[in-house]
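Peer 1: Pasting a structure here, questions to come.
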Amino acid sequence: MSTNGEEVLMEVRDLCFSYKTKLGFCSEHKEDVVAKASFSLRRGQRLGIIGRNGEGKSTLLRLLAGTISPDSGKIWRAPEVTSSLLALGVGFNNFLTGRDNAILSAVLMGRSERWARKQLEHIKEFSELEDAFERAVRTYSAGMRSRLAFSTALNMDVDILLIDEVLAVGDAHFRKKASESLNNKLGSGQTVVLVSHSAAEIKRLCNSAIWLQSGAIEDQGDAVEIVNRYEATL
């Protein structure tokens, strides 16, 4: 599919997702987290998702990744398009080592185990985990998990990179290194969807943005313009 000559990798139409909570023994409360979201993602687009806490940003990212299913609406992907979700606490088996989790992540994204094993030394070197790469992930700190997640996804060579706040975790050295590597990816035309609380980060890394409010898209368009409108409401 193409729009104005640009290849569309993903099309989202009227996407809805709700959490259901019990009220007493017989009644149930339904709370919309994503409500009637619609947008397109084109190859090379750098889409930022911004909004206050609890507005549905991370939930929308997980819907795009396919780790949860919508209640209604549709997510269309172009044939053979691959994606990777970078989010702390998502996608890792806590009882496997960093090495085994890197292999598992690659296989789940459709890569062969043989291909994955060829990437391991690059992943280990970039993550700077050293001997911890051979330890169970349940022994990792949040910063170590973010290093493994980012390093693994960075070496997967996927069509769409889905990033949930991982650039904000870890020490200053690794944040700088991760940011520079992501900039290099973006310069090569990598398609990215980035969830961030940092308005400056969205403006710097993204060329378009979606502003979520109460699970619905309040506004979307040029990243700088959307972020400026959002900041004016804070």
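The rows are residues; the columns are (1) aromatic (Phe, Trp, Tyr); (2) surrounded by 17 or more Cβ atoms within 10 Å (Cβ to Cβ); (3) part of a helix (DSSP H, G or I).
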| position | (1), (2), (3) |
| --- | --- |
| Glu180 | no, no, yes |
| Leu194 | no, yes, no |
| His197 | no, no, no |
| Ala200 | no, no, yes |
| Ile217 | no, yes, no |
| Val224 | no, no, yes |
| Asn228 | no, no, yes |
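Peer 1: Restricting to region 202-215, name every residue that is in contact with a strand residue (DSSP E or B) (Cβ under 9 Å, 6 or more places away or on another chain) and either in a helix (DSSP H, G or I) or not aromatic (Phe, Trp, Tyr) (or both).
Peer 2: If the condition is that a residue be in contact with a strand residue (DSSP E or B) (Cβ under 9 Å, 6 or more places away or on another chain) and either in a helix (DSSP H, G or I) or not aromatic (Phe, Trp, Tyr) (or both), then Ile202, Lys203, Leu205, Cys206, Asn207, Ser208, Ala209, Ile210, Leu212, Gln213, Ser214, Gly215 are the ones that fit.
Peer 1: Could you please let me know if Asp171 is surrounded by fewer than 20 Cβ atoms within 10 Å (Cβ to Cβ) and within 15 Å of the chain's Cα centre (by Cα)?
Peer 2: no
Peer 1: Identify all residues within region 13-43 that are modelled with pLDDT of 90 or more, under 14 Å from Gly56 (Cβ atoms) and either of a type in the set (A, V, I, L, M, F, W, C) or in a loop (DSSP other than H, G, I, E, B) (or both); write none if there are none.
Peer 2: Across region 13-43, the qualifying residues are Leu15, Cys16, Phe17, Val34, Ala35, Ala37, Phe39.
Peer 1: Could I ask something else about it? Just the residues that are within 24 Å of Leu60 (Cβ to Cβ) and in a helix (DSSP H, G or I), please, taken from region 149-174.
Peer 2: Those that are within 24 Å of Leu60 (Cβ to Cβ) and in a helix (DSSP H, G or I): Ala149, Phe150, Thr152, Ala153, Leu154, Val166, Leu167, Ala168.
Peer 1: Now a separate question. For region 147-185, enumerate the residues that are without any contact (Cβ under 8 Å) to a residue 60 or more places away in the chain and of a type in the set (Gly, Ala, Ser).
Peer 2: Selection gives Ser151, Ala168, Gly170, Ala172, Ala178, Ser179, Ser181.
The values are calculated or read from the model by the stated rules, or taken from the named source; none is laboratory data. Keep in mind that what you see is a predicted model, and the values were worked out from it rather than measured. We place every Cβ from the backbone using ideal geometry, glycine too, and count neighbours over all the protein chains shown.
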